[in-house]
Amino acid sequence: MFTFPERLMRILRTGEHEDSIRWCDDGKSFAIFSAVLSKKVLPLYFEGTKMESFNRNLNRWGFERIYIDGFSPQASVYRHTYFQKECPKLL
């Protein structure tokens, strides 16, 4: 059984769903395009497929929503100190 952060890392590492979730350029944050994510990706990786449940898990695991100037307004950007693109061992 994988934890929520481990499943999230798997989604991001595959790069198969970049239209709905992808790393930001800094590799320390990621962007979610929720309309696409909830329909195409969540059912593949999580039992609960509602975006509200996914957001609750982000909050429960300590992910912080941030705002990046010039980034797409349709995206929600999150980060966590121990969740980084090139450092999966931090999980």
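The values are calculated or read from the model by the stated rules, or taken from the named source; none is laboratory data. This structure is a prediction, so every number in the text was calculated from the model and none was measured. FYI the Cβ positions are ideal-geometry reconstructions off the backbone, even for glycines, and counts take in every protein chain you see. Please note that ligands, DNA and RNA were not included when accessible areas were found on the heavy atoms of the full protein model with its side chains. Shrake-Rupley method; radii C 1.70, N 1.55, O 1.52, S 1.80 Å.
Charge dipole (Cα centre; +1 on Lys/Arg Cβ, -1 on Asp/Glu Cβ; no other charges) of the stretch 1-61 amounts to roughly 200 debye. Using +1 at the Cβ of each Lys and Arg and -1 at the Cβ of each Asp and Glu in the chain, identify which of A31, T14, M1 lies farthest towards the dipole's positive end. Value: M1. The fraction of accessible area contributed by carbon and sulfur in the chain is 48 percent, rounded to a whole number (1.4 Å probe; ligands and nucleic acids excluded). Considering only I11, I32, I66, the mean-square fluctuation computed in a Gaussian network model of the chain, springs between alpha carbons under 10 angstrom, is largest for I66. In the complete set of protein chains, residue-level accessible area for Y45 is approximately 50 Å², probe 1.4 angstrom.
Which whole-number value in Å³ per residue fits the convex hull of the alpha carbons of the stretch 4-91? Present the calculation step by step, with values, prior to reporting the outcome.
Values: hull volume 7.9 nm³, N = 88.
Hull volume over Cα atoms, normalised by residue count, gives 90 Å³.
For K40, the lysines whose Cα falls under 17 Å of its own Cα, not counting residues fewer than eight places away in the same chain, are K50.
How many Å² of accessible area per residue for the chain, probe 1.4 Å? Accessible area per residue: 66 Å². Per-residue ellipticity at 222 nm computed for the chain from its helices equals -7500 deg cm²/dmol, with DSSP H segments shorter than 4 residues left out and the rest contributing -39,500 (n - 2.57).
Couplings 3J(HN,Hα) for the stretch 60-69, derived from phi with the Karplus relation 6.51 cos²θ - 1.76 cosθ + 1.60 (θ = phi - 60°), are 4, 8, x, 6, 10, 7, 10, 10, 10, 4 Hz, where x marks Gly and Pro.
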